[in-house]
Amino acid sequence: MPETRKYQYTVQILGSGRNPVMVVTTFRPFPIYRNKLRPVSLAHEFVNSKIQPGKVVVFIKPTCPYCKKTQEILSQLPFKQGVLEFVDITATDDVNEIQDYLQQLTGARTVPRVFIGKNCIGGCSDLITMQQSGELVTRLKQIGALQ
Ligand SMILES: N[C@@H](CCC(=O)N[C@@H](CS)C(=O)NCC(=O)O)C(=O)O
């Protein structure tokens with residue numbers, strides 16, 4: 001059955017008098033499948049947009065000790081500017097959907113989830129193993145992430 005899409009906008013009117021300005025503040029696509037309204041894909045699109053070749057992205061929760069350790073390890077390395085990104089998934093409205101999608105992509109929904117380029121290397125313990133074996137720096141050099 002082909003998927004049709006409906007869209008939900010939240011609109012804010014700014015300004016006053018003769019020149020009101022309409023601003024679309026949120027936008028959510030709702031694919032309708034078998035007449036059921038189901039929000040999907042925003043989380044997928046969000047995660048996909050962050051995972052890029054040449055970048056290191058880590059999905060984190062700020063309260064997670066494994067995430068803090070991961071941040072500590074990676075922050076000590078000489079990354080090129082803009083190459084390393086920590087994405088706090090709790091700052092989104094889609095924490096569960098993002099974790100579900102991370103599970104689908106990587107086999108685990110725990111944080112941190114560390115991506116070197118398009119590949120997920122796992123979580124904090126995997127990062128530590130790679131750091132100890134020297135593979136971490138090798139992989140980072142391979143994608144051109146280091147200065
Ligand atoms: N062995 C994992 C442990 C990661 C872990 O247990 N993370 C916790 C947060 S501290 C988690 O994701 N729990 C499930 C959740 O928050 O949904 C690693 O080294 O990354």
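Close Cβ contacts (under 9 Å, 6 or more residues apart or on different chains) running from residues in segment 74-91 that are under 20 Å from Gln103 (Cβ atoms) to residues that are part of a loop (DSSP other than H, G, I, E, B) and open to solvent by less than 50 Å² (accessible area, probe 1.4 Å) comprise Phe86/Pro112; Ile89/Val111. When the residues of segment 88-114 are filtered to those that are more than 9 Å from the ligand (Cβ to nearest atom) and touching a Phe, Trp or Tyr at 6+ places or on another chain (Cβ under 8 Å), the one that is farthest from Lys68 (Cα to Cα) is Asp94.
Test Gln132 against the criterion of being free of Cβ contacts under 8 Å to residues at least 40 places away in the same chain, under 16 Å from Cys64 (Cβ atoms) and among the polar types (S, T, N, Q), and give yes or no. First the steps, then the outcome.
Values: free of Cβ contacts under 8 Å to residues at least 40 places away in the same chain: yes; under 16 Å from Cys64 (Cβ atoms): no; among the polar types (S, T, N, Q): yes.
No, not satisfied.
Filter segment 54-67 for residues that are surrounded by fewer than 15 Cβ atoms within 10 Å (Cβ to Cβ) and assigned to a helix (DSSP H, G or I) and give the result. Result: Pro65, single match. Taking the criterion of being touching a helix residue (DSSP H, G or I) at 6+ places or on another chain (Cβ under 9 Å), open to solvent by 30 Å² or more (accessible area, probe 1.4 Å) and part of a loop (DSSP other than H, G, I, E, B), the residues of segment 68-126 that qualify are Leu77, Thr92, Asp93, Arg109, Thr110. Checking each residue in segment 88-147 for being touching a Ser or Thr at 6+ places or on another chain (Cβ under 7 Å) and small (Gly, Ala, Ser) picks out only Gly123.
The values are calculated or read from the model by the stated rules, or taken from the named source; none is laboratory data. Source: prediction; values computed, not measured. When we count neighbours, we look across all protein chains shown, and the Cβ atoms used for this are built from the backbone with ideal geometry, even at glycine. To get the accessible areas, we keep the full protein, side chains included, count just its heavy atoms, and leave off ligands, DNA and RNA. Shrake-Rupley method; radii C 1.70, N 1.55, O 1.52, S 1.80 Å.
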